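The values are calculated or read from the model by the stated rules, or taken from the named source; none is laboratory data. In this text the structure is predicted, and so the values were computed from the model without any measurement. Backbone-built Cβ (ideal geometry, glycine too); neighbour counts: all protein chains shown.
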Amino acid sequence: GCELTASTKSYTFQVDKEDDSDHILALSVVCLTDGAKDECNVVEVVGRNHENQEIAVPVANLKLSCQPLLSLDNFKLQPPVTFRLAAGSGPVHLAGWHQIVHREDASFEEDDDLSEEE
């Protein structure tokens, strides 16, 4: 997880470019934490599209008095990805999980499944 605040407005999750594994980052929950003001806190996900252009998409608009927490049901993202506090002062906590799939392991498991079926 990470926390976005007025002093730390963004956090970038990236993997080593030389890593040959597939990485999946899934965002589970975005929530306001202690010290948050009753203001709109907009969290954006910044990534790249198929033309390698930067795009920013708002994923949460939290306000202490009406929606302090949002469940994103493991919203899957492809690293590198930046989380940015586009409005508000936070603090906003983001939680999720990171899955690493080793390509060698994936092909090995597929081969095992095929041989068991045969």
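Within segment 29-39, does at least one residue satisfy the condition of being among the polar types (S, T, N, Q) and out of contact with any Pro (no Cβ under 7 Å at 6 or more places or on another chain)?
Taking every residue of segment 29-39 in turn, none turns out to be among the polar types (S, T, N, Q) and out of contact with any Pro (no Cβ under 7 Å at 6 or more places or on another chain).
Here is a list: I55, I100. Which entry is among the hydrophobic types (A, V, I, L, M, F, W, C), in a strand (DSSP E or B), in contact (Cβ under 8 Å) with a residue 40 or more places away in the chain and loosely packed, with under 14 Cβ neighbours inside 10 Å?
On inspection, the qualifying residue turns out to be I100.
Answer yes or no as to whether D16 is surrounded by fewer than 13 Cβ atoms within 10 Å (Cβ to Cβ), out of contact with any His (no Cβ under 8 Å at 6 or more places or on another chain), at pLDDT 90 or above and part of a loop (DSSP other than H, G, I, E, B).
no
If I ask for residues that are in contact with a Ser or Thr (Cβ under 9 Å, 6 or more places away or on another chain), at pLDDT 95 or above and not β-branched (V, I, T), which ones from segment 73-103 would you list?
Matches in segment 73-103: F83, R84, L85, S89, P91, H93, L94, A95.
Need pairs with beta-carbon distance below 9 Å; first residue farther than 25 Å from D34 by Cβ and within segment 1-20, second part of a loop (DSSP other than H, G, I, E, B); sequence gap 6+ or separate chains.
Close Cβ pairs (under 9 Å, with a partner that is part of a loop (DSSP other than H, G, I, E, B)) amount to Q14/P79; Q14/P80; V15/S21; V15/P79; V15/P80; D20/H102.
I'd like the full set of residues that are under 16 Å from the mean Cα position of the chain (by Cα), closer than 16 Å to L4 by Cβ and polar (S, T, N, Q), limited to segment 37-78.
The answer is N61, and nothing else.
Out of all the residues in segment 33-46, is one or more exposed (fewer than 12 other Cβ atoms within 10 Å of the Cβ) and within 20 Å of T12 (Cβ to Cβ)?
So far as segment 33-46 goes, no, none of its residues is exposed (fewer than 12 other Cβ atoms within 10 Å of the Cβ) and within 20 Å of T12 (Cβ to Cβ).
For the condition in a strand (DSSP E or B), surrounded by fewer than 16 Cβ atoms within 10 Å (Cβ to Cβ) and hydroxyl-bearing (S, T, Y), what is the one hit in S28, S65?
Result: S28 is the single residue among S28, S65 that is in a strand (DSSP E or B), surrounded by fewer than 16 Cβ atoms within 10 Å (Cβ to Cβ) and hydroxyl-bearing (S, T, Y).
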